[in-house]
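Remarks on the structure that follows.
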Amino acid sequence: MRLAELSTRSGVSTATIKYYLREGLLHPGRRITATQADYDEGHLRRLRLVRAMIQVGRIPVNSAREVLAALQDEELDRNRRLGTAVWALPHGPAPDESDPATDSARRTATELMDRLGWCYGGPSGETPTAPAYGMLVTAIAALARLGYPCATADLEPYARAMERIAATDLDLVERYGTPDEQVEAAVALTVLYEPVLLSLRRLAEAEESRRRFGGK
């Protein structure tokens, strides 16, 4: 397909596609003439992923480039490619090591991970430095400072619910045909489904509140 058709099918303007090509976020098309190139379904799939990250997820171009580099690393198996790509996504603030609540929060997070039997390090499960683990420590520290429940027993039900959501996530991913498509879909769905999860949680809380407290 030509650039104009790629733009129409992807919903991304031709100017933006050219920008993505210049920035290395989209691989070049097959050259037909000095001024024209042909693009295929792989370009369309990649554009949808880039659009999900940059236009929807508000991920900086440099971070998006890191994610794409991980996806393209054929020396890694599918699990490590996905782990490395998700690692490269933007995360919340790292733990504040000057905060007295951080050490206790880290112990709670570690106890929770051990109770769940989760590997919580890098893409291959090494030292616990995964950005999501750091986010968890920061969040637990904030809860503790403000006096809200944040013990392992308080957090475990949430983690168990996340296990079921993770299984649903990967069920969706496995609908895609090839390993490359599956890994790309996993990253896109990580970005696109987080607002869905937040919305559903708030709606579910409103419904549970209505059932418990409505009319009383």
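When you check residue 67 against the structure, is it in a helix (DSSP H, G or I) and more than 22 Å from residue 6 (Cβ to Cβ), yes or no? No: the conditions fail for residue 67.
Scanning the range 9-39 for residues that are at pLDDT 90 or above, loosely packed, with under 12 Cβ neighbours inside 10 Å and not aliphatic (A, V, I, L, M) turns up 13, 22.
Which residues, taken from the range 134-158, are open to solvent by 40 Å² or more (accessible area, probe 1.4 Å), closer than 19 Å to residue 118 by Cα and outside any helix (DSSP H, G or I)? Scanning the range 134-158 gives a single hit, 151. Can you name every residue in the range 40-57 that is charged (D, E, K, R), open to solvent by 70 Å² or more (accessible area, probe 1.4 Å) and in contact (Cβ under 8 Å) with a residue 12 or more places away in the chain? Within the range 40-57, 40, 45, 48, 51 qualify. Restricting 181, 126, 174, 194 to residues that are modelled with pLDDT under 95, closer than 19 Å to residue 83 by Cα and more than 17 Å from the chain's Cα centre (by Cα) narrows the list to 126.
The test for being at positive phi and modelled with pLDDT under 85 holds for residue 58. It is to be established whether one or more residues within the range 77-84 are open to solvent by 30 Å² or more (accessible area, probe 1.4 Å) and not in a helix (DSSP H, G or I). Within the range 77-84, one or more residues are open to solvent by 30 Å² or more (accessible area, probe 1.4 Å) and not in a helix (DSSP H, G or I). Among the residues of the range 193-214, at least one is assigned to a helix (DSSP H, G or I) and either surrounded by 13 or more Cβ atoms within 10 Å (Cβ to Cβ) or touching a Gly at 6+ places or on another chain (Cβ under 9 Å) (or both).
Among the residues of the range 160-171, those identified as within 17 Å of the chain's Cα centre (by Cα) and open to solvent by less than 70 Å² (accessible area, probe 1.4 Å) are 163, 165, 166, 167, 169.
Of the residues making up the range 88-101, those that are crowded, with 18+ Cβ neighbours inside 10 Å and either within 30 Å of residue 74 (Cβ to Cβ) or among the hydroxyl-bearing types (Ser, Thr, Tyr) (or both) are 88, 89. Scanning the range 161-180 for residues that are among the basic types (Lys, Arg) and either outside any helix (DSSP H, G or I) or touching a residue at least 12 places away in the same chain (Cβ under 8 Å) (or both) yields one hit, 175.
The values are calculated or read from the model by the stated rules, or taken from the named source; none is laboratory data. Model, not experiment: these values are computed from the prediction. In this analysis, Cβ positions are derived from the backbone assuming ideal geometry, glycine residues included, and neighbour counts consider all displayed protein chains. Just so you know, the surface numbers come from the protein's heavy atoms only, side chains and all, with ligands and any DNA or RNA stripped out. Shrake-Rupley method; radii C 1.70, N 1.55, O 1.52, S 1.80 Å.
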